[in-house]
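One structure is given here, and the rest of the page talks about it.
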Amino acid sequence: MKYLILTFVIFLFLAEIAVSQKLIISSNDSTLKTKKLNVFSILYRGDSTYRKAYVDSTMYADFWDTIPQPNFWAKLMHLSADSGFMSVANTRKIIDKNSVAFYSALNDIQKNNYRDSLRKEYGLTDSTRLFFTTGKKYFYSFKTVIPNIDQSIPVFIENNVDPWYAQSILLIESPNKLQKSNAGAYGPFQLMKFVARKYGLTINKTTDERGDIKRSAYAASMFINKICIPTVKNILDSLRITYKENDLWFRLLVMHVYHAGGGNVQNVLYMIKPKEGGLPLIYTVWQTQAGSFRNASQNYSQVLLAALREFHNLISSEAENIQ
């Protein structure tokens, strides 16, 4: 009951500011020319400078924030790295919490016995997959990423791309510091070299502009505008599914393309063969593997929904003034 009340209060807060104050951008692109974007200048406690952020109540209005999977990741974002949750893979229901030291000390047989005991305790089938996932509090430092969001939003607007994507990517890709993935992606927007170079960024022995927030924001916005969004539209058109580009489920598919590539997302959707979009489609994507679209790819939009909710909570609790 307390959670429902809190959710409703946050929704009213975000809905009120979203209706009362919006930034209307000028653009030659008809899809953005008259679009109202929920971008606000926010003064955070302990800060002396207004920072831009994207505030949207859609997730609360449509109850995306109440789904078990994002709630699981939100809890992990508050859990220290020395602890972890054991959860049911397809629902992300948490069935146990333990220290990493305890779990790491188990050999493979002991880990299997541990999982079997939990399956028996919770009445799960022998084939039910259980995952042990460690806390991510060290990684999801949303206060740290605020300046990058502030600098990236104008770049996305200038390139006729909804700044929702800028904020979303920054919240989950490198929120605490510059990261380099095993696949070679680097910088606040985790760009691969071929993507960065395609849009004019310099990468050589002495310079890597993927680490520059404005240059990488430019490349990321161009990639989304020229590749990711058109790819999702083409896939949905081929499946004869109607959509609106500002629908949250459409945006999540765009984010999946950004992360996993258009070919992998197309494989998943063609395997699912959906008749319509919406939350049921996204939920099915979370349960479906195809080619290289596997666990990390399935989790991507789950993590994003959790990060958006936690960032909105940060704004509502830390903002001293909003313009």
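The values are calculated or read from the model by the stated rules, or taken from the named source; none is laboratory data. From a predicted model like this one, the values you see are computed outputs, not experimental measurements. All Cβ positions, even for glycine, are placed from backbone atoms using ideal geometry, and neighbour counts span all protein chains on display.
Remarks
- Number of the condition not met by Y103 [criteria: (1) out of contact with any Pro (no Cβ under 9 Å at 6 or more places or on another chain); (2) in a loop (DSSP other than H, G, I, E, B); (3) more than 19 Å from R51 (Cβ to Cβ); (4) of a type outside the set (D, E, K, R)]: (2)
- Residues that are out of contact with any helix residue (DSSP H, G or I) (no Cβ under 6 Å at 6 or more places or on another chain), under 27 Å from K180 (Cβ atoms) and touching a residue at least 40 places away in the same chain (Cβ under 8 Å) were ranked within the stretch 215-248; the one that is surrounded by the most Cβ atoms within 10 Å (Cβ to Cβ) is A220.
- For the stretch 107-124, a residue qualifies if it is of a type in the set (A, V, I, L, M) and either touching a residue at least 60 places away in the same chain (Cβ under 8 Å) or part of a loop (DSSP other than H, G, I, E, B) (or both), and exactly one does: L124.
- Residue pairs whose Cβ atoms lie under 9 Å apart, separated by 6 or more positions or on different chains, with the first residue in the stretch 280-298 and closer than 12 Å to N90 by Cα and the second small (G, A, S), are V285/S297; V285/S301; W286/S301; Q289/S297; N295/A89.
- Checked against the criterion of being touching a Leu at 6+ places or on another chain (Cβ under 7 Å), assigned by TED's automatic domain parsing to the domain that holds S221 and at pLDDT below 95, the stretch 178-185 has at least one qualifying residue.
- Qualifying residue in the stretch 249-266 (condition: surrounded by fewer than 17 Cβ atoms within 10 Å (Cβ to Cβ), in the same structural domain as Q167 (by TED's automatic domain parsing) and closer than 21 Å to T66 by Cα): no
- The set of residues from the stretch 166-194 being within 16 Å of the chain's Cα centre (by Cα) and among the aliphatic types (A, V, I, L, M) comprises A166, I169, L170, L171, I172, L191.
- With respect to being farther than 28 Å from L314 by Cβ and at pLDDT below 95, N90 fits the description.
- Number of positions in the stretch 64-97 that are in a strand (DSSP E or B), without any contact (Cβ under 8 Å) to a residue 40 or more places away in the chain and farther than 21 Å from F139 by Cβ: 2
- Residue list for the stretch 171-203, restricted to those being surrounded by 15 or more Cβ atoms within 10 Å (Cβ to Cβ) and under 13 Å from Y218 (Cα atoms): G187, P188, F189, Q190, L191, V195, A196, R197, K198, Y199, L201
- Boolean, S104 is within 29 Å of the chain's Cα centre (by Cα) and free of Cβ contacts under 8 Å to residues at least 12 places away in the same chain: yes
Rundown of residues vs (1) within 11 Å of G135 (Cβ to Cβ); (2) in the same structural domain as L124 (by TED's automatic domain parsing); (3) in contact with a strand residue (DSSP E or B) (Cβ under 9 Å, 6 or more places away or on another chain), yes/no style:
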| position | (1), (2), (3) |
| --- | --- |
| Q69 | no, no, no |
| F72 | no, no, yes |
| K75 | yes, no, yes |
| S87 | no, yes, yes |
| N90 | no, yes, no |
| D96 | no, yes, yes |
| V100 | yes, yes, yes |
| N107 | no, yes, no |
